[in-house]
Structures are given as structure tokens and as C-alpha cells.
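Working notes, beginning with the structure itself.
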């Protein structure tokens, strides 16, 4: 068998209109993309995070306005929508933290096999979503 007769793999660019509907990303790809998205979300919502922290620790009166924001809302934003935004911040923080720890662990131990990457990516996704659901249930007064 000669070099020319052997079938070589074909690498091509992905067409956004034709290929994205059939392209299947790995769990590690999802974790990587969501890690970037969660970092961007936390950065964009940083003024809200600072306001939340400031009003929660300034005084008893500001803490009362902080807690009323979750029930009555803030300005034109209803309380349930405010809770959803805070839930998004909770997910972003948890996912970014867990995915960052995953990346640091993989860098430190040089475990870069496909199997290890897939298993840790699934663990990261399950933990971040599970912890978000638990904290979201507390946020929405389900327990």
C-alpha cells in the first residue's frame, strides 16, 4: 500500500448555516464555552453584584430594601424577574468556579486524555446545575 493510496482524513471548516445543526459538541466543548459565557455574564452583571453586596451589608434599613427587592421588585423590574437574574448570577459563579478548578487541576496534573476530559466535564456540568437548582429552590422559597 503506497502513501498516495491510503485514505487521509479530510479537515474542513464548519459552515454555520449547514453544519451547526448536525455538529455534535463534546461535553468538554460545552464546559469550555459555558466557562467563557459565565465569565462574561459575571462581568456584565458586576454593577448589580456590587449593588447587592452594598445594600445587604450597609445597614438594617438597606438590608430591608435588599430583601424587599426579591419580593416587590426594583423599579420596573418585578421580584420574580429579579430572582431569575440573581439565579443566573448564581449559576455563572458556580459554573465558572467549577470549570476553573477543572482547568487548573488538569493543568497541574497533566491529565489530558479524552476520557478524563469527558468525565470531568460531565461532573462539572452536573455539579453546577445541581447546586444551582438547590440554591435556586432556596431563592424561590421552596424550602
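The values are calculated or read from the model by the stated rules, or taken from the named source; none is laboratory data. None of the values given here were measured: they were computed from a predicted structure. With ideal geometry, Cβ positions are generated from the backbone for all residues, glycine too; neighbour counts draw on all protein chains shown.
Given the conditions (1) surrounded by 12 or more Cβ atoms within 10 Å (Cβ to Cβ); (2) at pLDDT below 95; (3) not in a loop (DSSP other than H, G, I, E, B), report the number of the one that residue 111 does not fulfil. (3) is the only condition that residue 111 fails. Any residue that is touching a helix residue (DSSP H, G or I) at 6+ places or on another chain (Cβ under 6 Å), exposed (fewer than 12 other Cβ atoms within 10 Å of the Cβ) and more than 21 Å from residue 35 (Cβ to Cβ) - is there at least one of those in the range 126-142? No - not one qualifying residue is present in the range 126-142.
Residue by residue, here is whether (1) at pLDDT below 75; (2) within 30 Å of residue 67 (Cβ to Cβ); (3) surrounded by 10 or more Cβ atoms within 10 Å (Cβ to Cβ); (4) touching a helix residue (DSSP H, G or I) at 6+ places or on another chain (Cβ under 8 Å) holds:
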{"position": "1", "(1), (2), (3), (4)": "yes, no, no, no"}
{"position": "26", "(1), (2), (3), (4)": "no, no, yes, yes"}
{"position": "36", "(1), (2), (3), (4)": "no, no, yes, no"}
{"position": "41", "(1), (2), (3), (4)": "no, yes, yes, yes"}
{"position": "50", "(1), (2), (3), (4)": "no, yes, yes, no"}
{"position": "53", "(1), (2), (3), (4)": "no, yes, yes, no"}
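In the range 77-87, is there at least one residue being under 12 Å from the mean Cα position of the chain (by Cα) and either exposed (fewer than 11 other Cβ atoms within 10 Å of the Cβ) or assigned to a helix (DSSP H, G or I) (or both)? Yes: one or more hits. Applying the set (1) at pLDDT below 90; (2) more than 26 Å from the chain's Cα centre (by Cα); (3) outside any loop (DSSP other than H, G, I, E, B) to residue 6 leaves exactly one unmet item: (3).
Remark: pairs (first residue in the range 116-143, free of Cβ contacts under 8 Å to residues at least 12 places away in the same chain; second residue in a helix (DSSP H, G or I) and surrounded by fewer than 16 Cβ atoms within 10 Å (Cβ to Cβ); Cβ separation under 6 Å; 6+ apart in sequence or on different chains) = 143/137.
To keep it simple, each residue is scored yes or no on (1) outside any loop (DSSP other than H, G, I, E, B); (2) closer than 22 Å to residue 129 by Cβ; (3) in contact (Cβ under 8 Å) with a residue 60 or more places away in the chain; (4) under 22 Å from the mean Cα position of the chain (by Cα).
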site: 20; (1), (2), (3), (4): no, no, no, yes
site: 34; (1), (2), (3), (4): yes, yes, yes, yes
site: 38; (1), (2), (3), (4): yes, yes, yes, yes
site: 64; (1), (2), (3), (4): yes, no, no, no
site: 68; (1), (2), (3), (4): yes, no, no, no
site: 96; (1), (2), (3), (4): yes, yes, yes, yes
